[in-house]
Each structure stands twice: as structure tokens, then as C-alpha cells.
């Protein structure tokens, strides 16, 4: 019975995180015209969600919230790849956190956050080469790096505040 209740909690909180990720991605963004994308603070919520929810529900919240933001923002071409990239970002952070066990220190999380951000940059770069051409993918690279940095920098204080609430 307790396992079922825990699953229900994760499902509800995961749905809330998907909505938060979507809203932070959709409402607060800086467009990148030539890359057909944008920079946003939604990745910080992805990292916090992964920290709280673990790999499965963290990945689902990250993938669904981010892909939905792409769909309603007018970037449907990105939605499938965004789902994969953002879900794997959450998995990277959640598995690292699981390995750390009781550590909630942002200092201990800097490496996995940067690894997840590096995966995001690489994933979009690889996708954008065939989708938009090498030149456009290269032009978007600094903005994807900025996106990664913004997500990490915003996530660190959020995890320090909300990281004690793991499900």
C-alpha cells in the first residue's frame, strides 16, 4: 500500500513539475532567430525535478514539459528531440543524486549539472546539423551553451532550497 501511495505522490508531483517546466520554458524566453530556438530558465526546474523525483518521473516531467513548451511555442519540429534531450538531462542528474545518497550540497551537484548541460548542447547541435545546416547549428551553439549555463546557475540555489524534499 505504501509503495502505491509513493507512486501516486511521484505522479502528482511529476505532473506539477511538467507544468512548471513548460511554463518557465514558454513564458520566460529569449528567442534565437537563426536557430529557431530560445534560451529559458526551464532547465533549472528540470534539474530540481530530477533531484526530487528521481530518474523515471524526473525524466517524464522534463521530457513532457519541455516538449509541450516547444509545441505551444510554435517549434513543433523540436518537440520529439527536446523530449529525448531533456528527459536524459533529468536522468543524468537523478542517477548522480541517487549515487550521492543524502548529499544535497549544490557543490556536489555542479559536475552532474554541467554534464547534463553538455549533453543538451551536444544533443541539439547534432540534431540541428541535418535539420538546419551546419552553419545554423554552429551559430546556435553559443546560445545553447548560454542555455546550459543559465539552467545550471539558476538550479544551484533552487536545489539548495528545495533539495531536501526528495520523493
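Scanning region 158-167 for residues that are assigned to a helix (DSSP H, G or I) and either within 14 Å of residue 43 (Cβ to Cβ) or in contact with a helix residue (DSSP H, G or I) (Cβ under 6 Å, 6 or more places away or on another chain) (or both) yields a count of 4. Candidates are the residues of region 125-152 that are in contact with a helix residue (DSSP H, G or I) (Cβ under 6 Å, 6 or more places away or on another chain) and under 25 Å from residue 54 (Cβ atoms); the one that is surrounded by the most Cβ atoms within 10 Å (Cβ to Cβ) is 151.
Here residue 155 fits the description: under 15 Å from residue 48 (Cβ atoms) and buried (at least 20 other Cβ atoms within 10 Å of the Cβ).
The numbered conditions (1) at pLDDT 95 or above; (2) more than 17 Å from residue 157 (Cβ to Cβ); (3) surrounded by 20 or more Cβ atoms within 10 Å (Cβ to Cβ) are all true for residue 37 except (1). Among residues belonging to region 61-87 that are touching a residue at least 12 places away in the same chain (Cβ under 8 Å) and surrounded by fewer than 17 Cβ atoms within 10 Å (Cβ to Cβ), point out the one that is nearest to residue 20 (Cα to Cα). Applying the filter and picking the extreme gives 72. For region 23-72, a tally of residues being under 16 Å from residue 166 (Cα atoms) and part of a loop (DSSP other than H, G, I, E, B) returns 1.
Screening 122, 59 for residues that are at pLDDT 95 or above and out of contact with any helix residue (DSSP H, G or I) (no Cβ under 6 Å at 6 or more places or on another chain) leaves exactly one candidate, 122.
Assess whether residue 77 counts as being closer than 24 Å to residue 134 by Cβ and in contact with a strand residue (DSSP E or B) (Cβ under 6 Å, 6 or more places away or on another chain). For residue 77, the condition - closer than 24 Å to residue 134 by Cβ and in contact with a strand residue (DSSP E or B) (Cβ under 6 Å, 6 or more places away or on another chain) - is not met.
The values are calculated or read from the model by the stated rules, or taken from the named source; none is laboratory data. Bear in mind the structure is a predicted one, so any value in this text is a computation, not a measurement. All Cβ positions, even for glycine, are placed from backbone atoms using ideal geometry, and neighbour counts span all protein chains on display.
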